[in-house]
Amino acid sequence: MSTPDGSPSPVAGATSTSDGSPSPEVGATWGPRRLGVPIELRPVLTEDATGPCASPSADRLDAPGGSGCLTLGPARMTIRALTSLGIGTATTSQGVLDPTQETIDLTLTDADARDFATLTAGMLGQRLAVVVDGAVLTAPTIAGVIESGQLQIPGPTAVLRPVVVALTR
C-alpha cells in the first residue's frame, strides 16, 4: 500500500491526511522510506551557553530549547533513508511516562548503521549534533560505539511532531 505520491504508507498506528501526508501519533511507525529532508550528523566544536545564537548561520545553530549557541563542524554523515521511523512516548528517569515529551525512533539502513558505528567509534567523549532542516534536535556526548543502527531522539512533543512531518513528507 502506498500514499498518493507513491511513497510507502504509514503502518502500525500511523494515519494519513487526505493528501497522504502523515498525521503523527504516539505509537505510529513508518516502514522503509527515503526522507523528505536529510538528517545531518555534525560534530559540536564549541558551545556558548549564554543563550541562543545572536546571528545564527549554517555553522552556528541554537542548541535544543535555545539553551545555547553551538558551533558545528561539517556533516560527518547524512542520512537520506531509514528502515523505519516511529514516534514513542518518553519516560522520566524514574520510568514514569512524560506526556509533554516524545521520542523519534529511527532504524538506519544496514549501510548507514555500519557508517554510524564507525562514526561513533571515532567520536567517543565528543558531542554529535543531530540536525534536521537547519535545527539541532539533540547534541549528546557519544559514550560508546552504537552498532545497533537504532537511534532515539527525545524532545518536547511540540518540537518533534513537525520534524516527523518533515521527515515523512
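The residues of the stretch 58-103 expose, per residue, 49 Å² of accessible area to a 1.4 Å probe. Please state the shape class of the stretch 47-119: rounded when a/c is under 1.5, otherwise prolate if a/b exceeds b/c and oblate if not, all from the C-alpha gyration tensor. Verdict is oblate for the stretch 47-119.
The values are calculated or read from the model by the stated rules, or taken from the named source; none is laboratory data. Predicted model only: the values in this text are computed from it and were never measured. Areas reflect the complete protein model, heavy atoms only, side chains present, ligands, DNA and RNA absent. Shrake-Rupley method; radii C 1.70, N 1.55, O 1.52, S 1.80 Å.
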